[in-house]
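A quick write-up on the structure given underneath.
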Amino acid sequence: EAKGEFSSAVARAELPAAIAKAAPGARGYARGAALLLGEQPAPAEPAELAGLPWMVATALCAVARAGAVAIDAACVPVRLQLLLPENLLVLVREDAIVTDLADFYRGIDAATLAGGYLALIGGPSRTADIEQTLVTGAHGPRRFVVLPYRP
């Protein structure tokens with residue numbers, strides 16, 4: 001069964017080292033992660049994204065009981081950045097981890113919903129549509145890692 005991975009929280013200053021350890025070869029940073037880490041944003045062209053081994057993104061929050069992260073257009077304005085790279089590493093503030101979906105929905109405001117999209121991602125892409133054989137990574141990343149950090 002393919003599931004996402006959840007790392008231990010690190011201090012903000014330790015993020016570059018933690019990313020290098022969790023996502024070797026990461027060089028793609030969605031807008032939120034690029035701003036957080038002082039990196040250049042990843043390309044938006046599908047051909048360039050498909051060649052990236054890792055995309056590093058930020059999440060609006062994480063939902064503990066659901067084992068999911070919420071990513072919106074402010075975090076990742078180019079949705080293909082979540083789908084085309086082989087692996088996805090998501091950074092989430094430790095104080096933005098909520099208990100359950102009820103807490104998540106109570107915390108979402110109209111401005112966030114009006115931003116373009118809101119995705120709840122709970123693990124790597126999986127499908128068994130093709131000849132009832134489980135395929136990982138058919139509709140998105142093969143590996144999904146969540147790295148909480150303390151600001």
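Which one is nearest to Arg12 (Cα to Cα), of the residues in segment 99-117 that are among the aromatic types (Phe, Trp, Tyr) and part of a helix (DSSP H, G or I)?
Once the filter is applied, the top-ranked residue is Phe104.
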>> Criterion first (small (Gly, Ala, Ser) and modelled with pLDDT of 90 or more) does Ala47 satisfy it?
In response: no
> Here are some residues: Glu5, Glu48, Glu39. Which one is closer than 14 Å to Phe144 by Cα and charged (D, E, K, R)?
Replying inline: Glu5
> List pairs: first in segment 97-124 and more than 19 Å from Ala73 (Cβ to Cβ), second of a type in the set (D, E, K, R) and part of a helix (DSSP H, G or I), Cβ under 9 Å, 6+ apart or cross-chain?
Replying inline: Val98/Arg106
> Quick one: would you say Gly67 is of a type in the set (Gly, Ala, Ser) and free of Cβ contacts under 8 Å to residues at least 40 places away in the same chain?
Replying inline: no
> Taking segment 103-114, which residues are open to solvent by 50 Å² or more (accessible area, probe 1.4 Å) and either over 14 Å from Val69 (Cα atoms) or modelled with pLDDT under 65 (or both)?
Replying inline: Arg106, Asp109, Ala110, Ala111, Leu113, Ala114
> For residues in segment 124-151 being modelled with pLDDT under 75, open to solvent by less than 30 Å² (accessible area, probe 1.4 Å) and part of a loop (DSSP other than H, G, I, E, B), which is nearest to Val69 (Cα to Cα)?
Replying inline: Pro124
> So which of Ala62, Ala74, Ala68 is in contact with a Ser or Thr (Cβ under 9 Å, 6 or more places away or on another chain) and among the small types (Gly, Ala, Ser)?
Replying inline: Ala74
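The values are calculated or read from the model by the stated rules, or taken from the named source; none is laboratory data. Nothing here was measured: the structure is a model prediction, and the numbers come from that model. FYI the Cβ positions are ideal-geometry reconstructions off the backbone, even for glycines, and counts take in every protein chain you see. To get the accessible areas, we keep the full protein, side chains included, count just its heavy atoms, and leave off ligands, DNA and RNA. Shrake-Rupley method; radii C 1.70, N 1.55, O 1.52, S 1.80 Å.
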